[in-house]
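A short worksheet on the structure shown next.
Each value in this text was obtained by applying a stated rule to the coordinates, not by laboratory testing. Quick caveat: nothing in here was measured; it's all calculated off a predicted structure. Quick reminder, even Gly has a Cβ in these numbers, built from the backbone with ideal geometry, and neighbours come from all protein chains shown.
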Amino acid sequence: PDPDADTPTAPDALRRAAGRVLLRNWTGASTVPSRGLYPHQWSWDSAFIAIGLRHLSVVRAQRELESLLAAQWGDGRLPHIVFNRAVPLDAYFPSPDFWRSSRAGRAAGAPARVETSGIVQPPVHALAAWLVHRADPEVSRRRGFLRRLYPRLVNWHRYLTRRRDLGGHGLASVLHPWEPGMDNSPCWDGPLRRVEPAAAGSFQRADLDHGAAADRPTDLDYGRYVRLATDYRDHGYLDADTPHAFVVEDPGVNALLIASEHALAEIATALGQDPTDHRTRAETLTATLVRRLWDPAAGMFRCHDVIAGRSVPERGVSGLLPLVLPGLPSDVATALMRTMTGEHFGLGAAVRLVPSYALTGNAFDPSRYWRGPAWFNVNWLLERGLRTHGRHPLAAELRRAALETAASSRFAEYVDPYTGEARGTRDFGWTAALTLDLLA
Ligand code: 9WN
């Protein structure tokens with residue numbers, strides 16, 4: 001039987017349900033990840049959401065990215081949250097009065113008229129912009145979409161490749177566990193041990209009002225997140241001035257940077273400009289990624305703790321994300337796919353969707369956030385990677401599992417990788433959006 005066959009009404013019903021989530025989460029200029037838990041605009045969420053929204057409304061998908069890029073800082077950084085001033089301060093922690101971007105971030109060029117966070121998230125934006133453009137090149141040209149976004153995307157990448165090359169080897173570093181978007185991954189446990197947590201009573205979490213404590217990070221994690229963000233803020237969010245306690249080279253962040261650099265080459269070409277610099281940078285970054293983070297014995301990429309000067313001995317799913325790269329050496333791609341389907345990640349055997357952390361790892365927990373559950377954006381990227389490297393039947397299987405699980409979990413934020421049971425919040429933005437993309 002054709003693994004893609006389904007009753008004709010099911011995809012339509014799913015498409016309509018996903019569209020309803022995106023409509024409910026739309027604020028007029030962007031889409032919130034979740035009405036309750038995340039009532040503002042998040043950076044990489046908006047990129048994934050735009051990728052799905054393009055199937056519903058190309059103009060809304062363009063606006064999703066435009067509104068995010070309008071909050072870019074003078075130094076090129078794209079903040080991980082753009083705050084909606086209509087939302088009460090206590091609805092999400094840390095709120096604008098914690099980040100104080102328009103004052104504390106002035107030297108780094110934070111915008112004066114909108115409040116944002118001061119840290120970043122993975123650079124999926126140029127890839128999203130290119131996919132949104134391709135959905136309707138005519139409307140895109142008429143609105144000057146790529147022409148307006150291109151210089152901002154170039155500055156964003158320049159920020160990451162220059163100011164964030166804290167390891168000095170040519171890769172972008174993250175300075176906070178929120179930056180790679182996989183907040184409490186066991187990969188951060190070692191590097192975080194150096195960080196003195198902020199006192200428990202000195203801040204008030206808002207996330208536990210919306211989610212089960214067992215599905216979320218612990219208070220100790222939050223104490224450390226708060227300490228790192230406070231120190232960065234108190235040094236004006238200046239990368240060179242802050243005495244960083246946490247500096248990690250993450251393979252997922254760098255893979256997405258490279259995928260987006262390839263997209264910038266396409267965008268430059270579409271605008272009649274020379275794409276050579278982007279192509280060269282993508283190739284150089286790929287070679288550096290392999291040289292610095294590939295672990296042949298593990299058959300996957302590892303995070304690198306820059307301060308300790310050593311590789312992180314954990315298997316986090318970000319170490320599989322370079323599979324999205326077309327320019328990966330073929331032996332590396334083959335080994336990655338073997339790892340994905342082997343005992344550690346279990347695709348095609350033990351699990352429905354690829355978990356966020358190895359099933360075999362000491363810290364594995366099928367419910368707790370980035371310590372085991374499966375996430376839809378990660379699985380969307382891996383499905384793309386499998387297709388890129390010619391594994392079409394396995395990609396189709398993963399796609400089908402993702403669609404079934406999105407439907408049965410009511411577009412959950414994340415799910416138990418074995419059972420597909422919903423975890424975190426429901427009606428989650430990128431789960432609905434990427435469902436639309438997988439259905440297209
Ligand atoms: C902190 C919005 C974001 C995602 C991240 C996810 C979670 C925030 C939080 O939610 O992080 O940025 O409060 O836990 O880890 O990937 O972008 O959906």
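Calculation over all alpha carbon pairs of segment 121-229 in 10 angstrom steps from 0 returns a P(r) of 12, 30, 25, 23, 10, 1 percent.
Across segment 191-201, computed HN-Hα scalar couplings (Karplus, 6.51 cos²θ - 1.76 cosθ + 1.60, θ = phi - 60°) run x, 6, 4, 6, 8, 6, x, 5, 4, 3, x Hz from first to last residue, x flagging Gly and Pro. Close amide H contacts of residue 93 (hydrogens built in the peptide plane, cut-off under 5 Å, sequence separation of 5 or more or a different chain): 206, 207.
Each of 376, 98 was scored by other Cβ atoms within 10 Å of its Cβ. Arranged with the fewest first, they read 98, 376. When the P(r) of segment 239-359 is calculated, the portion above 18 Å amounts to 57% of the C-alpha pairs. Projected over every direction and averaged, the convex hull enclosing the alpha-carbon atoms of segment 367-440 yields 4.5 nm².
If you count the DSSP beta bridges with both ends in the chain, what percent of them are antiparallel, to the nearest 5?
On the way: 19 of 20 bridges.
Around 95 percent antiparallel, to the nearest 5.
Indicate the gyration tensor shape class of segment 152-288 (rounded, prolate or oblate), computed on the Cα atoms with a ≥ b ≥ c the square roots of the eigenvalues: a/c under 1.5 is rounded; otherwise a/b larger than b/c is prolate and the rest oblate. All intermediate terms of the calculation are to be shown ahead of the outcome.
Details: a/c = 2.45, a/b = 2.02, b/c = 1.21.
It is prolate, given that a/c is not under 1.5 and a/b is the larger ratio.
Could you give me the ³J(HN,Hα) list for segment 206-220, computed from phi with Karplus coefficients 6.51, -1.76, 1.60 and θ = phi - 60°, whole Hz, x at Gly and Pro? Using θ = phi - 60°, the values come out as 10, 5, 6, 6, 10, x, 5, 4, 6, 9, 10, x, 8, 5, 5 Hz. Residues whose amide H falls under 5 Å from that of residue 357, counting only those 5 or more places apart or on a different chain, are 317, 372, with hydrogens built in the peptide plane. Binning the C-alpha pair distances of segment 1-109 at 10 Å intervals from 0 yields a P(r) profile of 13, 38, 29, 13, 6, 2, 0 %, listed from the shortest bin outward.
Of the residues 73, 99, the one with the fewest other Cβ atoms within 10 Å heads the list, and the complete ranking is 73, 99. For the pair segment 246-282 and segment 325-394, the centres of their Cα atoms are 23 angstrom apart.
Applied to segment 54-61, the Karplus parametrisation 6.51 cos²θ - 1.76 cosθ + 1.60 on θ = phi - 60° returns per-residue 3J(HN,Hα) values of 4, 7, 9, 7, 5, 5, 5, 4 Hz, with x for Gly and Pro. The alpha-carbon atoms of the chain define a convex hull whose volume equals 131 cubic angstrom per residue. Once you treat every alpha carbon in segment 318-395 as an equal point and sum by Debye, what is log10 I(q)/I(0) at q = 0.14, 0.16, 0.21 Å⁻¹? Scattering profile of segment 318-395, log10 relative to I(0): -0.41, -0.53, -0.90. Springs between alpha-carbon pairs under 10 angstrom, Gaussian network model over the chain: which of 253, 32, 332 fluctuates most? Ranking 253, 32, 332 by mean-square fluctuation puts 332 first. Per the Debye calculation on segment 187-245 with a single equal scatterer at every Cα and no solvent contribution, log₁₀ I(q)/I(0) for q = 0.14 Å⁻¹ amounts to -0.45.
Relative contact order of the chain: what whole-number percent is it, with Cα pairs under 8 angstrom and at least 6 residues apart? The partial results should precede the final answer.
Numbers: 840 pairs, mean separation 77.6, N = 440.
Answer for the chain is 18 percent.
In terms of other Cβ atoms within 10 Å, 234, 365 run from fewest to most in the order 234, 365.
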